[in-house]
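Structure first, then comments.
Just so it is clear, none of the values below were taken in a lab; they were calculated from the coordinates. Since this is a predicted model, take the numbers as computed values, not measurements. Please note: Cβ atoms are built from the backbone with ideal geometry, for glycine as well, and neighbour counts cover all protein chains shown.
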Amino acid sequence: MGPITSLRDIPRILKRQWRIVALIVLIGFPLALNYALSQPRVYEATAVIQIEAAQVVERLATQSGGGTGALDPDSELDLIEQQLMSRDHILSVLDQFDLWTDGRSMTERVALLREAVSIVKLIDQQQAWRPDVHPSGLVITVRLGDPDVAADVANVFLDRVLEEAEERTSGRTAATLEFLVAEETRLGTAIDALEYEFSQFQQENAGSLPAAIATQRTQLASLMQSRIEIEEEIIELENASGRLLAESQQRRAELLNQRLALVVDAIIELEAAIAAAPEVQRQINAYEREIAQLQGEMEVITSSRAEAAMNQLLDSRNQAERFEVLETAIAPEFPVSASRRKIALAGAVVVTLLALGTALAIEILDGRIRSPAQLERELGVTPVVAIPNLRTRHDIRRGRLIWIGALVAIVAGLAALARALWRRIAENLPAMQTRLAGLRRGQ
């Protein structure tokens, strides 16, 4: 049945094992208190940014049939967060506030600050399933051991978010406008050069143009009729050689041959022009398609340039999408880490339970019968005589050694507790002096 059969046995066990219980308690309580005091205090500072939608820009984009190609606020915030969490920016913050300058490596310091800073986008949970949902704000949270430093770091990240947002918005708008102006100039120059080349081509092939083909065919028919008439006159002249003088006949024949040569040359030229008409028509179609394509691009670029100019005007008048400071970070009054008092109380409870459990375990493992009642319960035999326990010199000497060990353990625990308290006071002394100086300035 064991040494415990009722609640009345517990005080007897504690009385017998009081040295072990006292030793565990006297050693465990200072250790638990030292552990509680060694836990760092963590203060949380929060800054909030509100994102105001650009209603005017959205209406302009809707009326023009499309947007300007700008990034949505969600992607914009992702880029800004990447910039803020970059190594260069983290190192600048570490150097500005001298964080973790206790011999740690640069990589460890960067990792610690990245863990201490949290950037969360505010999104309506009812609309979170939508792919086009826009965040309504940004929460910057910093957790550090010093409340003032935590607030200052959060405000530094807050200012950097505003700077990055303004630089990206204005820079992107200016770069877009510059690109569109350059494209408009390039397309205008290309259109002018192509139109000049087209006009030169039309001038060089005026006889083969579609509008001149009908006239050319009429002229060709007229020239063909003229050639027939001239050839008939030549034949008549040759038949009438007996009636005309030789000199007159020769002069008239020369004139008719000259007229015939001119007509034949004109016919050849017209036939060449008419034969070249299909190729000229193909070249004209190619010129017209290329000019129409460039003019279509010019219309798109001109519309986009006008929209970009309007967006730049809206940015300058703060009518576009804006990042506004909703809450700046202030130094927190209370830490968010676990309370040292609760940790110390939990440690005291654990030490007490450990002491009681140890005493009970020793009693169970001992197995000795210590009272007549226990003998009667265990064996069913009623004892006749009970001889009291007599302490020998060896027992007395062992008890003294136990007391000396307990005292040494108590002194060591108190010394460790004093060192922890002094270290904690030394760490918090600059912050306490700063607060006292602030209170004095406020008075």
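Rounded to 0.05, the FRET efficiency of the residue 257 and residue 283 pair, given R0 = 51 Å and the Cβ-Cβ distance, is 0.85. Between residue 419 and residue 309, the distance separating the two model label sites (each 7 Å from Cα on the Cα→Cβ line) works out to 7.6 nm. Taken one residue at a time, the phi angles of the range 85-93 give Karplus couplings (6.51, -1.76, 1.60, θ = phi - 60°) of 8, 5, 4, 4, 5, 4, 5, 5, 5 Hz. Gly and Pro are set to x. Gain on full extension, evaluated as 0.36 nm per residue between residue 364 and residue 196 minus their Cα-Cα distance, stands at 49.3 nm.
Amide H contacts under 5 Å for residue 44: 336, restricted to partners 5 or more places along the chain or on a different chain, H placed in the peptide plane at 1.01 Å from N. Taking label positions 7 Å along the Cα-Cβ direction at both residue 218 and residue 75, the computed distance is 6.2 nm, reported to one decimal.
If R0 equals 41 Å, the separation of the Cβ atoms of residue 300 and residue 95 corresponds to a calculated FRET efficiency of about 0.25. Close amide-amide hydrogen proximity is noted between residue 325 and 50, each under 5 Å apart and 5 or more residues distant or on a separate chain (H modeled in the peptide plane; Pro and chain starts excluded). For the range 202-300, the normalised intensity computed at q = 0.17, 0.20 Å⁻¹ comes to -0.81, -0.94 (log10 of I(q)/I(0), Debye sum over alpha carbons, equal scatterers, no solvent). With a simple spin-label model that places each label point 7 Å from the Cα along the Cα-to-Cβ direction, the separation between residue 290 and residue 39 comes to 8.0 nm.
Extension gain for residue 402 to residue 333 (0.36 nm times residue separation, less C-alpha to C-alpha distance): 20.2 nm.
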